[in-house]
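First up is the structure itself, then whatever we jot down about it.
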Amino acid sequence: MSQVNLVHVTKRFGKVTAVNDLNLEIREGECFSFLGPSGCGKTTTLRMLAGFEDLDEGEVIVGNKIFSSSSKKIYVSPEKRNFAMVFQAFAVWPHLNVYNNVAFPLKHRRLSRTEISERVERALLYTSLSKVKESYPNELSGGQQQRIALARAIALNPTVMLLDEPLSNLDPKLREEMRFEIKDLQKRFGLTIVFVTHDQAEAMAISDRMLVMSEGVAQQVDTPMNIYNHPTNKFVCGFIGLSNFIPALIKDGQVITEADPEAGVITTQIPSEIKARRVTLACRPSEIDFVSEGGVRGVIKRLAYLGEIIDYRVQVGSLEIRLQKLRRRGVLQEGATCFLKFNRLHWYEEQEA
Amino acid sequence: MAEVKLENISKHYGEHRVIENLNITVKEGECFTFLGPSGCGKTVILRLIAGFERPTNGEIFIGSSLVSSAEQKIHLPPEERKIGVVFQDYAVWPHKTVYENVIYPLKIQRIDKNEAKQRTMQAITQVGLKGLEKRLPYQLSGGQQQRVALARALVSKPEIMLLDEPLNNLDAKLREEMRFEIKELQREIGVTILYVTHDQEVALAISDRIAIFDHTGHVRQIGAPREIYEKPADKYVFNFMGVSNFIPLEIKNGATIIEDSNIPVALQPPTGKKEALRMLAACRPFDIELTRENTGMKGEVKRVTFLGATMDYRINLGEKELRIQQDTQEALQNNLLFKEGEDCFLKFYNVAWFESQSVEMGVS
Amino acid sequence: MGMIQTGKNRKNLVFSKRVADLKKFGAAELVLILSIIVLVVVVAIPILLIFWNAFTTADGKFNIKDVIWILSKPETYQALLNSVTIALGVTMLSTILGVFFAWLVTRTDLPFKGAMKLLFIVPFMLPSFIGAMAWKILLSPRGGYINVFFKNLLGIDKPLFNIYGMAGIIIVETMYLFPFVFLQVSGALERMDPTLEESAQISGIDLFTITRKITFPLITPSIIAGALLVALYSLSHFGVPAILGTEVGIYNIPTLIYQKIYASAGSFEAIRTGTVLASILVISAAIIMYLQNLVLKKGRYQIIAGKSMRPMLLKLRGFKIPLLIFSILYIAVTVLLPTVTVFLVGALKTYGLPLKLKHMTLENFKYILFSWKMTKDAIKNSVVLSLGAAFVTMLVGTMISYVIVKMKVKGKFILEFLGMLPFSVPGTVIALGVILTWSGRFGVNLYNTAGIIFVAYIARYMAFALKSTSAALEQVHDSLEEASRSCGATHWQALKHIVLPLIKPGMVAAFFLIFLPALRELTTSVLLYGPTTRTIGVAIYALNEDGETVYAMALASIALVIIVLGEILIRKITSTKEGNG
């Protein structure tokens, strides 16, 4: 019972393939993010969904209606798709006051006057803008302007709400607040949301599921927790959260690091599907512990006291491994020898040298 | 290397008193940070030390030289102060190459050509820009321009260096990198650094000592990072240095409860503090533990957010919303992950106590 | 080079610092006072004298009766009315054309848009009075080439169109002024944030409604700003009304002032009429500039896009070819036709001959460039005066801009005010004011010399220099200078090493911004020239008045070539500079 379906969607700009054979299913009522570095194709995908770009290959299907199809030469223009979109630079019309910004699109939809004012007032209420409905955008803060865009989107009762990096222009504290507000609005109105961002922390915090993209190709689609705990490849592992990459060798059932083979054994528990002898292990800084014996030996090269968290750089041979531990658990000294225990490892096979 | 001394420094712009009676001594070779919100006057202090502004009152010493005195009408212009400055917007000259930018101070000082060339290349290598000497600034990234500014400030071997929010315009990863590099450089060369920022994380990471300012330009506390973070002088400092939970408490009939409610709190204000009927308990998100054992303090989980390495909770203790964080790994291992709507129990650690916000009790 | 000082050294240091302080204190105030003096003498006094002359009698008493009497005389009253009518007509036509073409070129899928954007701006470069002369040649009622052609073709006696008169003036002025509106509006449309329209589109609104209710309201400030500029220029314009109106008795304010001054050879009464009219011109110009400022401040919505995204283009479909043809025709008729006419007529052996190759020769051009003293002198005068005025104005303008933008001295608001004054003051007014100031009143008599034209040019173009150089200075952040100071450079060294190299492009732009307009202008020098101090514009105009049409056109052709070469040069220089940041 999916709401949005992208089937073999491809988009090229000249010689560059911006989106490459993307297949995606977004469920009704879901908050779904497109996440990736700039240039990965996430905004292009959103614009194809919105109808601002057409496809070179593939189809966009919403409900069971085909909105775009390159083979069947179908293209429904943006204004007929019943979507709502919120942009990074707010796109709030400066010559209309708050009320009219929200009401304007409704006036072109053959709705009765009472229904328009009902919808607008409700939208303003849930975005905390009722008090400033007579004001003009330039009199309001960035956060309030973004809320105008949200109110406008809600009032439309859209099939899907599209958000293109909507929080990037806001300061960090406000960003957090607005994240919660969008989530609350989603729950209250049962909206299907497609959210584009380059900020992985933001994507993880807000999404029910997300798509990680790189260079036009889908890397992984899953819930934030699953992606964080089981990244399918090195790119996803490195892009989401912090990670250490450790080049390692499997020798007689023991895994040691190439950077300092004498330092100790990383682990003896090798997943059954790993056949290669050379692997790259990935490990999160928060998932490594200091132990008093056993483990891999290293020297604390430097530490940064960041308040709640202490950030350690531990030198293991030629490799620098990063750990983050809570201050409350104690602070070690720079220059001290230490032993590392790796609590969770992600395995990526490498070719023989 | 020199120490910097500010004695009774005030700066007024007409009616607007930005700095009032400031007394600070920065020790030789130390990395000292002026930390505070935007508009608190910290950049003005830097400009006073650099010589771009004159103090309304007070005197400034660099080493044993008096460089500015309002009372004696002395003002050594910036070009004679031997200070390296890195500006917030880098101020790298767009019409000069990297090499020309860095060698400029030596040219002005008429250093011997060969020596100048050698020192310039050394500075460029030190900041990791070797090979890019002939590039113009528009061909460089933000981080690279930042390093040009650093090299230029270092090349004349200044006694002190002033850095005005130099990492502001860089993205998070680069900011971290540059933080370390600045610290490394300082250790290598031993120059005295005065650093201005509003970012408390940077301040904690690089400073030997920090001076925290409030928005009126007054110093709230001076101390080492750990001291400021773990033994804050007042509520303002506590709040500024990181995410905080403040719980107003009152003592009624011998029991501690949350202000204006009946919810008991199993917290003991430290003995020795002035006995007060109202107090403020302050706590960091990681210092409140969630547990399934009854601690006497029950919380209702309002919101759970997965942030990767951390779990972020908004939990209501009675009417009060608390912000609590856990290490995801630890929580998973110990079955301490909670869902929205669930009830849990709270355990507090490292509580800081302040006079209540509602009653001014003077300095404790 | 340590800073450790012994007691004695320290005292010396303190002393020399105190002296240095004093010196620096003096230098800044000195430059400020110098700048104020320059602006007062060059700009403020001429304008003040105009008002003084208009509103006081010979013995210095305030007198408004005479003013009212002058204004109610039919010829003055009529000239005022004409000025307003022409300005209104030109503004309306220019606005319609400017907006239409701007929208066509930025928001539709019309082919060859790039070329058209350039061609529409060409009228900017060409002096409109030369265009008026060309149109006179084409459409004068009896002998105009087009009229003659149609008379022969259709066998009728009346001309197709009589270019003399209000209609002709309005049409020709529109051709040369509409680029103001075009540039403003196409700029606004190109830079507008496309998400403002996309968000409307995805909310379900069709493109036509979006254009009406979103796009247009947002560019209205730019439209008004362009329109006001057109009105200002039309009110202040001498050339076109002089050529197409005077002959049939239609005067506007600048041409009436000219007629009064020359008819009476500078009588007191004539000057009085002139200054009264000039005062009105200044006041109207000031009102227009004020309105423009208001519109720009209030209405300039923050609509500029950050990311560069392509705006939505309307598909013209069936209208594409007709509109393309229309645009090409428009350019051909308004730009190519008059320009080609100028060159062809300039090559004619005798005026009136049909435009066939066998009647043409290059002799005229050679004669004007190399043999005829009058034209050679005129060319020389114009080049020298414009180069000199551009150079001096650029330097002085830079100095004054530096005080306004960079120096922290009290009293610089005086400079800001004085600097903005001449921006809107018409050339005729400046000329008149300069006559009053520099004809012996304060001991210096420059009348009938090249000097008086020189001073007038500086006054006229000072505002351009100030605008361009202050824009360049504002781009040079204070921190760039301060960085240099903290590297050990003195204030002067910082200026030399850092500021100057970075504002050079702005200074060069200012230079050309003055040199080219000064080279081709007519309005100002026509009131100030003497027998030996003609400018190119004056020479062309005088030749035309004397009936020497062919020579007038030949000189005009040469002027056009010089101007176009100059424009190409400035574009090359400013675009290469941009690459170096």
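Determine one quarter of the surface area of the Cα convex hull of the protein assembly as shown, which equals its mean projected area, and express it in nm² to one decimal.
Approximately 65.5 nm², given one-decimal rounding.
Output the 0 to 90 degree angle, nearest 10, between the alpha-carbon long axis of helix A:98-107 and the longest principal axis computed from the alpha carbons of chain A.
70 degrees
So what's region B:1-135 giving for Rg/Rh, alpha carbon basis, Kirkwood Rh from the mean inverse pair distance?
Rg/Rh for region B:1-135 comes to 1.03.
Based on the Kirkwood radius over alpha-carbon pairs, what is the Stokes-Einstein translational diffusion coefficient of chain C at 20 °C with 1.002 mPa s viscosity, in µm²/s? Intermediate results must be reported in sequence, preceding the final value.
Numbers: Rh = 26.5 Å.
Here the translational diffusion coefficient equals 81 µm²/s.
Could you give the size of the charge dipole of chain A about its Cα centre, using +1 on the Cβ of each K and R and -1 on the Cβ of each D and E, expressed in debye and rounded to the nearest 20?
So the dipole magnitude of chain A works out to roughly 840 debye.
In what order do C:541, C:251 fall by count of nearby beta-carbon atoms within 10 Å, going from fewest to most?
Result, fewest neighbours first: C:251, C:541.
What share of the DSSP beta bridges in the protein assembly as shown is antiparallel, in percent to the nearest 5?
Roughly 75 percent of the beta bridges in the protein assembly as shown run antiparallel, per DSSP.
Specify which residue in the list C:98, A:276, A:331 is farthest towards the positive end of the charge dipole of the protein assembly as shown, using unit charges on the beta carbon of Lys, Arg (+1) and Asp, Glu (-1), about the Cα centre.
C:98
Restricting to DSSP loop positions (anything but H, G, I, E, B) with no more than 13 other Cβ atoms inside 10 Å of their own Cβ, which GluC sites (Glu not before Pro) remain in region B:269-336? Let's see the in-between values first.
Values: sites: B:275, B:289, B:293, B:300, B:319, B:321, B:330; in loops: B:275, B:293, B:319.
Sparse-neighbourhood loop GluC sites (Glu not before Pro): B:275, B:293, B:319.
For chain B, with equal point scatterers placed on the C-alpha atoms only and solvent neglected, what are the log10 I(q)/I(0) values from the Debye formula at q = 0.06, 0.07, 0.14 1/Å, to two decimals?
-0.32, -0.42, -1.13
Using the C-alpha atoms of region C:169-219, what convex hull volume per residue, in cubic angstrom, is computed?
Cα convex hull per residue, to the nearest whole number: 77 Å³.
Under a Cβ-only charge scheme (Lys and Arg +1, Asp and Glu -1), can you give me the dipole magnitude of the protein assembly as shown about the Cα centre, in debye to the nearest 20?
The dipole magnitude comes to about 3480 debye.
Counting only DSSP beta bridges with both residues in region A:2-238, tell me the antiparallel percent, nearest 5. Walk me through the numbers before you get to the answer.
Working: 24 of 42 bridges.
About 55 percent, rounded to the nearest 5.
Other chains' Cβ within 10 Å of A:75-83 residues: what's the mean?
Per residue, the number of nearby Cβ atoms from other chains is 4 on average.
Only counting other Cβ atoms within 10 Å, I'd like B:61, C:120, C:62 sorted with the fewest neighbours first.
Starting with the residue having the fewest Cβ neighbours, the order is C:62, B:61, C:120.
How large is the translational diffusion coefficient of region A:2-238 in µm² per second when you combine the Kirkwood radius over alpha carbon pairs with Stokes-Einstein at 10 °C and 1.306 mPa s?
Calculated translational D: 86 µm²/s.
In whole angstrom, and with the biggest value first, how far do the Cα coordinates of region C:373-455 range along each principal axis?
The principal-axis extents, from largest down, are 52, 27, 24 Å.
May I ask you to work out the translational diffusion coefficient for region C:434-581 at 10 °C, viscosity 1.306 mPa s, via Stokes-Einstein with Rh from the Kirkwood sum over Cα pairs, reported in whole µm²/s? Don't skip to the end; give the middle numbers.
On the way: Rh = 18.2 Å.
My calculation gives 87 µm²/s for D.
Can you show me the helix-derived [θ] at 222 nm for the protein assembly as shown, built from DSSP H runs with n ≥ 4 at -39,500 (n - 2.57) apiece and divided by the number of residues, rounded to the nearest 500.
Calculated from helices alone, the mean residue ellipticity at 222 nm is -14500 deg cm²/dmol.
For the pairs B:96/C:408; C:406/C:496; A:173/C:297, note any where the Cα-Cα span goes beyond 23 Å.
Those over the limit are B:96/C:408; A:173/C:297.
List the trypsin sites (Lys or Arg not before Pro) in region A:269-339 that DSSP assigns to loop (not H, G, I, E or B) and whose Cβ has at most 11 other Cβ atoms within 10 Å. Which are they?
A:275
Starting from the Cα gyration tensor of region A:243-349, take the square roots of the eigenvalues, sort them a ≥ b ≥ c, and report rounded, prolate or oblate (rounded when a/c is under 1.5, otherwise prolate if a/b is larger than b/c, else oblate).
Because a/c hits 1.5 or more and a/b exceeds b/c, region A:243-349 counts as prolate.
Any idea how far the Cα center of region B:11-38 sits from the one of region A:33-71, in Å?
Each part reduced to its Cα centre gives a spacing of 54 Å.
From the residues C:335, A:41, A:198, which one has its Cα farthest along the dipole of the protein assembly as shown in the positive direction, the dipole being from +1 and -1 charges on Cβ of Lys/Arg and Asp/Glu about the Cα centre?
It is C:335.
Between region C:537-553 and region A:217-246, what's the alpha-carbon centroid distance in Å?
What the calculation gives is 80 Å, centre to centre.
Could you give the distance between the Cα centres of region C:324-399 and region C:70-93, to the whole Å?
The distance from the Cα centre of region C:324-399 to that of region C:70-93 comes to 30 Å.
Cut-off under 28 Å on the C-alpha distance; same-chain residues fewer than 8 positions from residue C:113 excluded. Which lysines are left, in chain and number order?
Once the sequence-local lysines are set aside, what remains near residue C:113 is A:11, A:15, C:213, C:307, C:315, C:320, C:572, C:577.
Taking a ≥ b ≥ c as the square roots of the Cα gyration tensor eigenvalues, with a/c under 1.5 meaning rounded and otherwise prolate when a/b beats b/c, else oblate, which class fits region C:19-118?
Verdict is oblate for region C:19-118.
To the nearest 20 Debye, how big is the dipole of region A:243-349 about its Cα centre, given +1 on the beta carbon of each Lys and Arg and -1 on that of each Asp and Glu?
With only Lys, Arg, Asp and Glu charged at Cβ, the dipole is about 240 debye.
Restricting attention to region C:87-174, which trypsin sites (Lys or Arg not before Pro) occupy a DSSP loop and are surrounded by at most 12 other Cβ atoms within 10 Å? Could you put the intermediate results ahead of the total?
On the way: sites: C:107, C:113, C:117, C:136, C:142, C:151; in loops: C:142.
Listed in order of number, the matching sites are C:142.
Coordinate-derived values only; no laboratory data. Values in this document were obtained by computation on a predicted structure and should not be read as measured data. Cβ sites come from the backbone with ideal geometry, for glycine too, and all protein chains shown count toward neighbours.
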